[in-house]
1. Listed here are the pairs B:Lys109/B:Lys212; B:Lys66/B:Lys140; A:Lys125/B:Lys173; A:Lys125/B:Lys325; B:Lys142/B:Lys212; A:Lys125/B:Lys184; which of them are more than 29 Å apart at the Cα?
2. For segment A:9-20, just list the computed ³J(HN,Hα) in residue order, Karplus coefficients 6.51, -1.76 and 1.60, θ = phi - 60°, integers in Hz, with x standing in for Gly and Pro.
3. Would you mind putting A:19-30, B:302-313, B:257-268 in packing order, based on average other-beta-carbon counts within 10 Å, highest first?
4. Sort B:205-215, B:71-81 by packing, meaning the average of other beta carbons within 10 Å per residue, with the highest value first.
5. Can you list residues whose amide H is under 5 Å from B:Arg106's amide H, if they're 5+ apart or on another chain and H is modeled 1.01 Å from N?
6. Which cross-chain or sequence-distant (5 or more) residues have an amide H under 5 Å from the amide H of B:Phe70, H modelled 1.01 Å from N in plane?
7. How large is ³J(HN,Hα), in whole Hz, for each residue of segment B:44-57 in order, when computed from phi with the Karplus curve 6.51 cos²θ - 1.76 cosθ + 1.60 and θ = phi - 60°, using x for Gly and Pro?
8. Under a cut-off of 25 Å between alpha-carbon atoms, report the lysines in cross-link reach of B:Lys219, not counting same-chain residues fewer than 8 places apart.
Amino acid sequence: AQHFIAATACQEPDYGWMIRHYCLKQFQLSMEGIGQRLWCDWDETVGTYGELTNCTVLIAERLDCYWPNRQVDEFFVAVHRQYFRNCSPSGRALHDPPNAVLCPFILLPVLVTLLMTALVVWRSKRSEGIV
Amino acid sequence: MRKTTQNCFLLIILLIRIVPSLSSTVNYTDPTLEPVVTENSVIRQKIIDSQFKCYERMNRAPPYKKKGLFCNRTWDGWLCWDDTPAGRITAQNCPDYFPDFDPTERASKYCDETGNWFRHPESNRTWSNYTLCNSFTSEKLKMAFILYYMAIVGHALSITSLLISLAIFFYFKSLSCQRITLHKNLFFSYVLNSMFTIAHLIAVVPNPGLVKRDPASCKVLQFFHQYMLGCNYFWMLCEGIYLHTLIVVAVFAEEQRLHWYYLLGWGFPLVPASIHAVARARYFNDNCWMSVDTHLLYIVHGPVMAALLVNFFFLLNIVRVLVTKLRDTHRAESNMYMKAVRATLILVPLLGIQFVIIPWRPENRLAGEIYDYIMHILMHYQGLLVATIFCFFNGEVQGALKRQWTQYKTQWGQRRREHCSTRSTSYTATSISEVPVYLYHHDSNNEQLNGRYAEDSELVALKSGETST
């Protein structure tokens, strides 16, 4: 991309061609290097994905296009369809455990609280000699 | 404030915003007032993360089915926008990438009538409106700092007044009684809670470097903070149970054993705090456990809310009994109900009910600010309020402070057993209102004289429900 001089305003088809030929190739090589098994592991792929994004940004600057644009959207949708189709979408940032785990974690202390309260009320009645 | 609607804990989520252990609705961290360039790697990470999620969503969401022109789903560099019908403005909450972006404000994007996203007239590029995200930040920041210092001052004042009250309760042995013992424990838990809150507000909240390093000590601090929060509310519950047992169940009979109260007040809060620590370490191990965006916080706040609810019902029952007893004395109706209402209002800060009654923050900006100030005063000055009402305004305490302590010492041995049960009623009476003289004797001068006749008539009046002669 260094030897391609931007002379005119943004030409979207050119931009599309550029990112597919320069950025995508690099990305493909890196992902092959990581191995298909680990494509869904965000810790492994985050660096490569970030580089791909940077690459598209740089080419946009060279071609005097604003970023992001329609071509970027289509490009990334295609990348996702090819590489990340089988991944769970929310396995990235910190998130709560699934409801099946969360609800027992919450309901258990609440129930124990109510039981303890009932126990204390009952015991304080008993200690008075009143049933 | 975030709007969450499908969750079964909607009310509790809104209540969460009020609980003092959290950073509340406003971000206290230090700002820059201009949007920073995305050189910062942490910010870039967040943005790349959102970008990934956006394209995933664009891939998986079904295609647009409705008729008419629409704008295609798109990633605009910061937020994800869905397919939008032509001629419509769509909005969503601002992102939290930058310190001066307020996630409670809305960012918007306009899809024009031709089915294309709005382009900015100057640059002719597709443009989303993020101006609201940081436009009020400086005012909000000023208010955030005001609330922050208010919180620290409130807790400091609370600690001071509570320590003075504790000193008074410990110094004047003649005041000792079971209810006072519970007060002492409650005040002590307030003191510790305030100390941990101040430690958190001063050491952790304004210190992003510490949060980034994420030492184990700040997680331990957070654990103790949650534990003390639990202790605070569970001691309030103990007070409620004690009053309930005293007034409703076994009217002014012999002393109760306090072991169970100690267990509930100091021992039991370890359970939710530990479960929260384990769950947090396993599932949501963010730096210093500061994030309030997780439902795992309900592990501690769920039992607290349960305790408050139980307390509330005890309180209602106590008021019901008191009103019934007052009614039996044939006083004027208005007098009676007014006294019952005053009784409830004075007991409310003791039992922490205001968190149950006032959970919703108004959407309007000015009303929201007023709400924030009021809730901060209620939360952070609660220790001061409780110490004032139950120690400094207490007739007994005032009397004891006025008299020479040597006078009390000589009478203490004689008076302690006799007046323990009557003093319980007189504390209830003085903290509630004026009540008919022939039901309660609250005049402290009477205490100096032989109070035995008062005790008998009180017990007879309350037990049989008749007026005493």
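The numbers here are math on the coordinates, done by the rules we state, and not lab data. These figures come from a predicted structure and were not determined experimentally. Neighbour counts run over all protein chains shown; Cβ positions are idealised from the backbone, glycine included.
1. The pairs that break the limit, which is 29 Å between Cα atoms, are B:Lys109/B:Lys212; B:Lys66/B:Lys140.
2. 5, 5, 10, 5, x, 4, 4, x, 5, 4, 5, 6
3. B:302-313, B:257-268, A:19-30
4. Ranked from most to least packed, the peptides come out as B:71-81, B:205-215.
5. The answer is B:Cys94.
6. Long-range HN contacts for B:Phe70: B:Ala86.
7. 4, 4, 4, 5, 4, 4, 5, 4, 4, 4, 5, 5, 4, 5
8. Leaving aside lysines fewer than 8 places away in the same chain, those within reach of B:Lys219 are B:Lys46.
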